[in-house]
Amino acid sequence: MEYRDPEFSDRFRRHEDELKWLYYELYHSDEKAYAGFTEMLYRCREERPESLRAADRERETHPDWYKDRRLTGMQMYAGAFAGTLPGVRGKLDYIAESGVNCLHLMPLLESPKDRSDGGYAVSDFRKVQPELGTMEDLRELAEDCRARGIALCLDFVMNHTSEDHEWARRARAGEKEYQDRYFFYDGWEIPNAYEQTVPQVFPATAPGNFTWCPEAGKTVMTTFHPYQWDLNYMNPAVFTDMTDNMLNLCNHGADTIRLDAVPYIWKALGTSCRNLPQVHTLVRMMRIACEIVCPGTLLLGEVVMEPDKVVPYFGTVQKPECHLLYNVTTMATLWHTVATKDARLLAHQMRQVFSLPREYTFVNYLRCHDDIGWGLDFGFLRQFAQEEVPHKKFLNDYLTGKWKDSPARGELYNDDPRLGDARLCGTTASLCGVEKALETGDREAMNRALRLDGMLHAFIFTLSGIPVLYSGDEIARLNDPSYHDDPLRREDSRYLHRGAMDWEKAEKRRKKTTPEGRMFAAVRQLEEIRRKHRVFDPKADVWVLDTGNEHVLGIGRYYCGEQLLALFNFLDQPQKVRPGDEKAYTDLISGKEGDAGTVRLEAGGFRWLLHQF
Ligand code: GLC
């Protein structure tokens, strides 16, 4: 097929064989549907503004732009951060001052207020939530970001729509065409059969995977909340229209698309309905759609699964899927290490991450808008007699502050006593003890808490990939318990760490003695050092150092004549370790010179030691 637009034609031709092959395989050689899909791609390309096309060309010349060690991300709710999208525009100076050049704005499309799951139940993919602004505001914000060199990431909630979405309303009214966009069943027989093999996402707050829809007199699949109706990607119209919706976000200036809950998008009876092979076909086709319409746009897969399920979402070198994935097991393992003060599991986890191809780029993070799920390598922990259920209970007890000597202030999430499977909420600072130290006015405790918080940040800045801050963590933001009084939110403890940005508190970042100022300066310093030194380049060799001390994790990096020894002490006591390296090292944080024969670490402290060959 020839298109008038030579750029489009070129890109299309490059991918046509594979795209058609994948599409025909999935959609039973439906020629008409395929033609509709490719027409949609062409239309999206036509709609793409010239300024973004120019950016595409630029990125095509260096497609690895996102592997730059100078990138720092920040994830935030636009509303909580600055009220509205124009509000965020007005705060870009702050974002830039934080050293952030990748901004992830959480869901901002229209979503019913009382049934929104934090914006993850979209009722109109073409309309910004009115309180936040308009599509035009989004475009303008994206333009401002682009002008400042800030890449913008937007969520694409693709597994389901809100029950208020037009398709859902028409389905409810009985239109078969729209019922076919979801999973509707006449009774409970098939739903019950699914329940035999499909786990539950929210066992306590939204049990079950199906909901009775009285208007339609049918049962509808709702893996997440009853108001989030799962889309049926077996229907090619769903795939075309949803890809169209995704590309529309790209055409409004999104540089990265976060594929929300992507492992769930294909369902089959008798399976877990997670990570099915067809999911990978769909993601690969979405990648191709972006390569054709808006090359340079990144896909960030939200795959909150165990490592062997996560990595396949990178695809292969010849047939890549996502550019970026969350380093979720590392995140959970890190919090396990905070609670146990035993770094052996973390070292084991890091060995696995370091053995992956360097091309794989992870988002490294401490906290996000979701809970911390305890997806740990329990097989490994069993050798220390740590069994899954009691160990999860210990972690939850420690991080909710029930455990003696624990300074943490988390709350449980979806506590399912049947499975002993509760997850955990709270901000980084509150989990590290800043909140408690403020309350008790204990200066020593505050020092310890901030040191631990700083060390955890240093850890994510040590790894290859993009470190992403959770908004507010840069000023040691505390938990926000006010959700307890909000009838729309009180069932969902994730709101504990989704509070509004406190701009008065943010002002205190300028004062070096405040917790805000200390944290802000610490994060800025990590960013600066990482930018300056090539040893943080993703091409570096990275390995786990044997520190001979189970409380202290060691990571080594080498690149272009620079060697870094990074040491992290998880114990609340000072430690000495002997890497036994007599070369001359500079402590990158204090600037002091020394060797790495014996290294002293403060309680919950870290060292970044650099040797230049
Ligand atoms: C993702 C989001 C989470 C949401 C879920 C359902 O996992 O991160 O916040 O509840 O999808 O859309």
### Task
Might you tell me the accessible area per residue for region 366-455, computed with a 1.4 Å probe and given in Å²?
44
#### Entry: Peptides ranked, highest mean first, by Cβ atoms within 10 Å: ranges 168-180, 401-413
401-413, 168-180
### Task
Amide H neighbours of Gln386 under 5 Å, at least 5 residues apart or on other chains, H built in the peptide plane: list them.
none
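Work out the length of the dipole vector of the chain about its Cα centre, built from +1 on the beta-carbon of each Lys and Arg and -1 on the beta-carbon of each Asp and Glu, and round it to the nearest 20 debye.
On the way: 79 positive and 95 negative charges, 362 e Å.
Taking the Cα centre of the chain as origin, the dipole is about 1740 debye.
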### region 540-612, accessible surface, carbon-and-sulfur percent (1.4 angstrom probe)
43
### Query
Ordered by packing density, taken as the mean number of other Cβ atoms within 10 Å over each peptide's residues, highest first, how do 567-573, 524-530 rank?
567-573, 524-530
## Note on the structure
Given the candidates Ala168, Leu601, Phe394, the one whose Cα lies deepest towards the positive end of the charge dipole of the chain, counting +1 at each Lys or Arg C-beta and -1 at each Asp or Glu C-beta, is Leu601
### Message
Taking the Cα centre as origin and putting +1 on Lys and Arg beta-carbons and -1 on Asp and Glu beta-carbons, what dipole magnitude results for region 1-148, to the nearest 20 debye?
### Response
360
### In sequence order, calculated HN-Hα J values of region 263-276 (Karplus, 6.51, -1.76, 1.60; Hz; x Gly/Pro)
x, 8, 6, 10, 10, 8, 4, x, 10, 7, 6, 10, 6, 5
#### Entry: Reciprocal of mean inverse Cα separation for region 501-587 (Kirkwood radius, Å)
15.4
### Query
At each listed q (0.05, 0.09, 0.10 Å⁻¹), what is the log10 of I(q)/I(0) that the Debye formula gives for the chain modelled as equal alpha-carbon point scatterers?
-0.22, -0.73, -0.90
### Query
List the aspartates and glutamates whose alpha-carbon lies under 17 Å from that of Lys393, not counting same-chain residues fewer than 8 positions away?
Asp342, Asp371, Asp377, Asp405, Glu411, Asp415, Asp416, Asp421
### Query
Of Lys113/Lys176; Lys91/Lys505; Lys67/Lys539; Lys402/Lys436; Lys67/Lys512; Lys436/Lys508, which sit over 21 Å apart, Cα to Cα?
Lys113/Lys176; Lys67/Lys512
### Query
Setting aside same-chain residues fewer than 8 positions from Lys532, which aspartates and glutamates have a Cα under 16 Å from its Cα?
Asp68, Glu562, Asp587
### Summary
Given the candidates Tyr313, Phe183, Phe461, the one whose Cα lies deepest towards the positive end of the charge dipole of the chain, counting +1 at each Lys or Arg C-beta and -1 at each Asp or Glu C-beta, is Phe461
### Of every Cα-Cα pair in region 160-230, the percent that sits beyond 17 Å
36
#### Entry: Between 0 and 90°, nearest 10: helix 388-399 axis offset from the chain longest Cα axis
70
### Packing-based ranking, highest mean first, of 276-285, 256-265, 603-612 given that Cβ atoms within 10 Å are counted
256-265, 603-612, 276-285
### Query
Using unit Cβ charges (K, R positive; D, E negative) and no other charged atoms, how large, in debye to the nearest 20, is the dipole of region 160-230 about its Cα centre?
60
### Task
Leaving ligands, DNA and RNA out of it, report the carbon-plus-sulfur percent of the accessible area of region 1-67 at a 1.4 Å probe.
51
### Task
Would you compute, from DSSP H runs of 4+ residues alone, the mean residue ellipticity of the chain at 222 nm, taking -39500 (n - 2.57) per run and dividing by the full residue count, rounded to the nearest 500?
-11000 deg cm²/dmol
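The values are calculated or read from the model by the stated rules, or taken from the named source; none is laboratory data. Just so it is clear, the model here is predicted, and its values are computed rather than measured. In this analysis, Cβ positions are derived from the backbone assuming ideal geometry, glycine residues included, and neighbour counts consider all displayed protein chains. Quick note on the areas: whole protein, heavy atoms, side chains included, nothing else; ligands and nucleic acids left out. Shrake-Rupley method; radii C 1.70, N 1.55, O 1.52, S 1.80 Å.
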